[in-house]
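Undergrad: Before I ask anything, let me first share the structure, which is written out below as structure tokens.
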Amino acid sequence: MWKEPLTLVINELKILWKPYIATLLFTIMLGIFSSTMLSHLAEFLAEGEGSYNSVSLDIIFGMLTPWFTTIFLSSPYLSFKTVKEDPFGKRMALYRTMPISMKLLARSRMLLMLATFITLSLAFYLAMMISLPASFYHIVPSELFTAFILFWFGYSLAIGSLNVFIEYGTNGKVLYIFSFLCGFIIAILIILFNILGDAGVVETVIIMLQQSRWPVVIMLLLGIISYTTWENLLRSRLNKRDYL
């Protein structure tokens, strides 16, 4: 049940290894860049005076981390030709000519997403953890920081799982429209949160996790539910859609 979709994933990664490595390296640099801002936020929390503008940090965690479910530096995301050529649709049309059930095909798409998500997330957070100064962990203990990472891991999976359905269940035009609208909406929500609230999103999450770990459990459960739901919806969509 897992051997066939796993074989598809491995074969596809062999083809996509160049954009995969490029995406991985960019993610590592993003983690290093984020560590600087996160360190400044921790210093602000320790001092408790003035105000801290965390919009940039909020955008990284709130808007960019869900894209860890995709190889976002691959050509479909970098070229407007995707709108007309629909490379993901063509790939599915090729797989439809093979003796592969829709259940296994949908599972292979979700496994590819999960492998990408875990790899990029590990690269991002490990790069961040290594780059953070020792003083950061005096302010944000390791236990709290682990909870912080797991919270955003669950959030990214919950939002990012939808990307697989968009890629393989729709077409190139919808992919671009969805990418723009999703990014725009999240950015607006982040800006409004910072304007109307007393703290930014990331700062609020840290403060919230200092009081309780339940948000981590809830967010991880939402991630698992989202993953399962979109796999079932993708399987149903592939059964109905004609890619040929």
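Undergrad: Have a look at Ala123, Ser54, Leu112 and report the one farthest towards the positive end of the charge dipole of the chain, computed about the Cα centre with Cβ charges (Lys/Arg +1, Asp/Glu -1).
TA: The one lying farthest along the dipole's positive direction is Leu112.
Undergrad: Could you give me the ³J(HN,Hα) list for the stretch 133-147, computed from phi with Karplus coefficients 6.51, -1.76, 1.60 and θ = phi - 60°, whole Hz, x at Gly and Pro?
TA: Result, ordered by residue: x, 4, 4, 4, 6, 6, 8, 10, x, 4, 4, 5, 5, 5, 5 Hz.
Undergrad: What figure in square angstrom, to the nearest 10, would you give for the accessible area of Lys14 with a 1.4 Å probe?
TA: Approximately 130 Å² for this residue.
Undergrad: Filter the cross-link list Lys90/Lys240; Lys103/Lys240; Lys14/Lys173; Lys14/Lys90; Lys3/Lys103 down to pairs whose alpha-carbon distance in this structure exceeds 20 Å.
TA: Beyond 20 Å between Cα atoms: Lys14/Lys173.
Undergrad: Something else: In square angstrom, what is the accessible area per residue of the stretch 1-78 with a 1.4 angstrom probe?
TA: That works out to 53 Å² for each residue.
Undergrad: By the gyration tensor of its Cα atoms, with a ≥ b ≥ c the square roots of the eigenvalues, what is the shape of the stretch 137-244: rounded for a/c under 1.5, prolate for a/b over b/c, or oblate?
TA: oblate
Undergrad: Add -39500 (n - 2.57) for each DSSP H run of 4 or more in the chain, then divide by its residues: what number comes out at 222 nm, to the nearest 500 deg cm²/dmol?
TA: Computed mean residue ellipticity for the chain: -26000 deg cm²/dmol.
Undergrad: Of all alpha-carbon pairs in the stretch 91-143, indicate the percentage at a distance above 12 angstrom.
TA: Roughly 74 percent, once rounded to a whole number.
Undergrad: Taking the Cα centre of the chain as the origin, how large is its charge dipole in debye, to the nearest 20, when only Lys and Arg (+1) and Asp and Glu (-1) carry charge on their Cβ atoms?
TA: Value, rounded to 20: 1560 debye.
Undergrad: Per residue, what volume in Å³ does the convex hull of the Cα atoms of the stretch 1-117 enclose?
TA: Per residue, the Cα convex hull of the stretch 1-117 comes to 131 Å³.
Undergrad: In the full protein assembly as shown, how much of Ser75 is accessible to a 1.4 Å probe, in Å² to the nearest 10?
TA: 80
Undergrad: Apply the Karplus parameterisation 6.51 cos²θ - 1.76 cosθ + 1.60, with θ equal to phi minus 60°, to every residue of the stretch 102-119 and state each ³J(HN,Hα) to the nearest whole Hz, in sequence, with x for glycine and proline.
TA: 5, 5, 5, 5, 5, 5, 5, 5, 6, 5, 4, 4, 5, 4, 5, 4, 5, 4
Undergrad: Using a 1.4 angstrom probe with every protein chain in place, what is the largest-first accessible-area order of Tyr125, Tyr137?
TA: Tyr137, Tyr125
Undergrad: Now, a different point. Considering only protein heavy atoms and a probe of 1.4 Å, how much of the accessible area of the chain is carbon and sulfur, as a whole percent?
TA: Here carbon and sulfur together make up 70 percent of the probe-accessible area.
Undergrad: Could you order Met98, Met128 by accessible surface area, starting with the largest, using a probe radius of 1.4 Å?
TA: My answer, sorted largest first, is Met98, Met128.
Undergrad: Given the C-alpha centroids of the stretch 11-66 and the stretch 210-239, what is the distance between them in whole angstrom?
TA: 22
Undergrad: In a Gaussian network model over the chain where Cα atoms closer than 10 Å are linked, find which of Leu104, Leu57, Leu78 has the largest mean-square fluctuation.
TA: Leu78
Undergrad: Based on the Cα atoms of the chain, what semi-axes does the equivalent ellipsoid have, where each is the square root of 5 times one gyration tensor eigenvalue, given in whole Å with the largest first?
TA: 35, 18, 17
Undergrad: Largest first, what is the accessible-area ranking of Trp17, Trp230, Trp214 with a 1.4 Å probe?
TA: So the residues, ranked largest to smallest area, are Trp214, Trp17, Trp230.
Undergrad: Which value, in Å² and to the nearest 10, is the accessible area of Ile177 when all protein chains are kept and the probe is 1.4 Å?
TA: Accessible area of Ile177: about 90 Å².
Undergrad: Using θ = phi - 60° and the Karplus relation 6.51 cos²θ - 1.76 cosθ + 1.60, list the HN-Hα couplings for the stretch 84-98 in order, rounded to whole Hz, with x at every Gly or Pro.
TA: 8, 7, 6, x, 5, x, 5, 5, 5, 4, 5, 5, 5, 7, 9
The values are calculated or read from the model by the stated rules, or taken from the named source; none is laboratory data. Given the structure is predicted, the values throughout are model-derived calculations rather than measurements. Glycine also receives a Cβ, built like all others from the backbone with ideal geometry; neighbour counts cover every protein chain displayed. SASA here: full protein model, heavy atoms, side chains in, ligands and nucleic acids out. Shrake-Rupley method; radii C 1.70, N 1.55, O 1.52, S 1.80 Å.
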